[in-house]
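Notes for the one structure printed next.
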Amino acid sequence: MTADIVKVAAFAGSLRVKSYNRGLLRAAVALAPPDVTINVIDIDDVPLYNADFDDESNPLPPVKRLVDAIKAADALLIVTPEYNYSMPAVTKNVLDWASRFDGVLDEKPTAMMGASTTGFGTLRSQLQLRQLAAGADIWFLTDPQLYVSSARTKFDADGNLTDEKTKGLVTALLSALAEFARRVGRTDSQGIVP
């Protein structure tokens, strides 16, 4: 890896195929600046967190795949819906698993965004996610923040982002995340490492 490329691991906290948030993540991949690569993590088969299966030396295969992807990345992008004024269980479950592995989330430069049909976007969900930072030692980007409201008017029937203004905001968020990762990440001859 060269020092000018920032590797971002990303997941959408929704299991619905045509969800707005999966569409927002697809848009991020398509709109990423040239200095950002995004590895989308498939979380469909990540089981509910269960301490009986919490074995860092022998993790369940879907959990190992998740943890390896986050660990290998310079930064993390969380695309979360908002359910009942809070983050969905799917989003929290991914972070609960990742937090059980030493160093995976520690000081990881992280950005979040999300889409909702309401006028608030995912403001409350993202505020709740920020509370998780203290326990998981995640370093969240504070500016810019992206809350996509009135999603029905910004995505097509297949969940693809069509709104040009929002596309620009997605690119701006990714550029800021890359700069944040460079600023807080350590560098060596291999580039940025978490």
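The values are calculated or read from the model by the stated rules, or taken from the named source; none is laboratory data. These numbers were taken from a predicted model, which means no experiment stands behind them. Here the Cβ is made from the backbone with ideal geometry for all residues, glycine too, and neighbour counts use every protein chain on show.
Filtering the range 126-155 down to residues that are in a loop (DSSP other than H, G, I, E, B) and farther than 20 Å from GLY168 by Cα, which residue is modelled with the highest pLDDT? So that I can check it myself, show each step before the final result.
Filtering the range 126-155 down to residues in a loop (DSSP other than H, G, I, E, B) leaves 137-138, 141-145, 149-150, 154.
Cutting the leftovers down to farther than 20 Å from GLY168 by Cα gives us 137-138.
Working: ASP137: 92, ILE138: 95.
Of everything passing the filter in the range 126-155, ILE138 is modelled with the highest pLDDT.
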Being in contact with a strand residue (DSSP E or B) (Cβ under 7 Å, 6 or more places away or on another chain), of a type in the set (Val, Ile, Thr) and outside any helix (DSSP H, G or I): is that true of THR117 here? no
Mind telling me which of the residues PRO59, PRO34, PRO109 ends up being at pLDDT 95 or above and over 16 Å from the mean Cα position of the chain (by Cα)? PRO34
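Could you tell me which of the residues VAL46, VAL79 is in contact with a Pro (Cβ under 9 Å, 6 or more places away or on another chain), surrounded by 18 or more Cβ atoms within 10 Å (Cβ to Cβ) and of a type in the set (Val, Ile, Thr)? Write out each step before concluding.
Details: VAL79 fails: in contact with a Pro (Cβ under 9 Å, 6 or more places away or on another chain).
Residue meeting the stated conditions: VAL46.
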Yes or no: the range 32-40 includes at least one residue that is in a loop (DSSP other than H, G, I, E, B), touching a residue at least 40 places away in the same chain (Cβ under 8 Å), of a type in the set (Asp, Glu) and surrounded by fewer than 16 Cβ atoms within 10 Å (Cβ to Cβ). yes
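Take LEU66 and decide whether it is in a helix (DSSP H, G or I), in contact with a strand residue (DSSP E or B) (Cβ under 9 Å, 6 or more places away or on another chain) and within 20 Å of ARG152 (Cα to Cα).
Values: in a helix (DSSP H, G or I): yes; in contact with a strand residue (DSSP E or B) (Cβ under 9 Å, 6 or more places away or on another chain): yes; within 20 Å of ARG152 (Cα to Cα): no.
No; evaluated as a whole, the condition is false for this residue.
Take the range 84-104 and flag every residue that is farther than 19 Å from PRO47 by Cα and in contact (Cβ under 8 Å) with a residue 12 or more places away in the chain.
To start, the set of residues in the range 84-104 that are farther than 19 Å from PRO47 by Cα comprises 84-86, 102-103.
Listed by number, the residues that qualify are TYR85, SER86, ASP102, GLY103.
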When you check GLY23 against the structure, is it farther than 20 Å from VAL104 by Cβ, out of contact with any Cys (no Cβ under 9 Å at 6 or more places or on another chain) and either surrounded by 15 or more Cβ atoms within 10 Å (Cβ to Cβ) or at pLDDT below 95 (or both), yes or no? yes
